[in-house]
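J.: This is the structure I want to talk about, given as structure tokens.
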């Protein structure tokens, strides 16, 4: 015969749950306050010798190269997508698969819209960040 172990019931009354919740909130608040105080003192120490200049920050040339290569990669991806879409549209139309032709046309249009978005992005960003 199998014996069963009887565990005492856990306290799950609303009163004990609210007490547990209050303790958790207290602990989280204490940790957050400690982190905030540490952040304030470390920020004060880090920004003690700040000087403002109009020159570009170090590494901005590398960032510009990264952005240029990313734009190039995006342009190549959009061109490839458009070529694939037009090829699928033509081949599907030739094989009388009109649903495939419509899908190819949609893919080609998305590639062209992506290229348009990539082309307009520098103009939009420069227009939004221009200082007048």
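Any read-out appearing in this document is the output of simple, stated calculations on the displayed coordinates, not a laboratory observation. Being a predicted model, the structure only gives us computed values, none of them experimental. Counting neighbours? That spans all protein chains shown, and the Cβs are built from the backbone with ideal geometry, glycine included.
J.: Give me the distance in nm between label points sitting 7 Å out from Cα along the Cα-to-Cβ direction at residue 53 and residue 123, one decimal.
T.: 3.6
J.: Still on this structure, please answer the following. Where the convex hull is taken over the Cα atoms of the range 27-108, what is its projected area averaged over directions, in nm²? Please report the intermediate quantities before stating the final value.
T.: Numbers: hull surface 47.1 nm².
That works out to 11.8 nm².
J.: Order the peptides 111-118, 25-32 from the highest to the lowest mean number of other Cβ atoms within 10 Å of their residues.
T.: Values: 111-118: 15.5, 25-32: 10.0.
Highest mean packing first, the order is 111-118, 25-32.
J.: Can you give me the relative contact order of the range 62-129 as a percent, contacts being Cα pairs under 8 Å and 6 or more apart?
T.: On the way: 58 pairs, mean separation 23.2, N = 68.
Over the range 62-129, the number comes to 34 percent.
J.: Treating only the Cα positions of the range 62-129 as identical point scatterers, give the base-10 log of I(q)/I(0) from the Debye formula at each q in 0.12, 0.18, 0.21, 0.23 Å⁻¹.
T.: For the range 62-129, the Cα-only Debye profile gives -0.41, -0.68, -0.80, -0.88.
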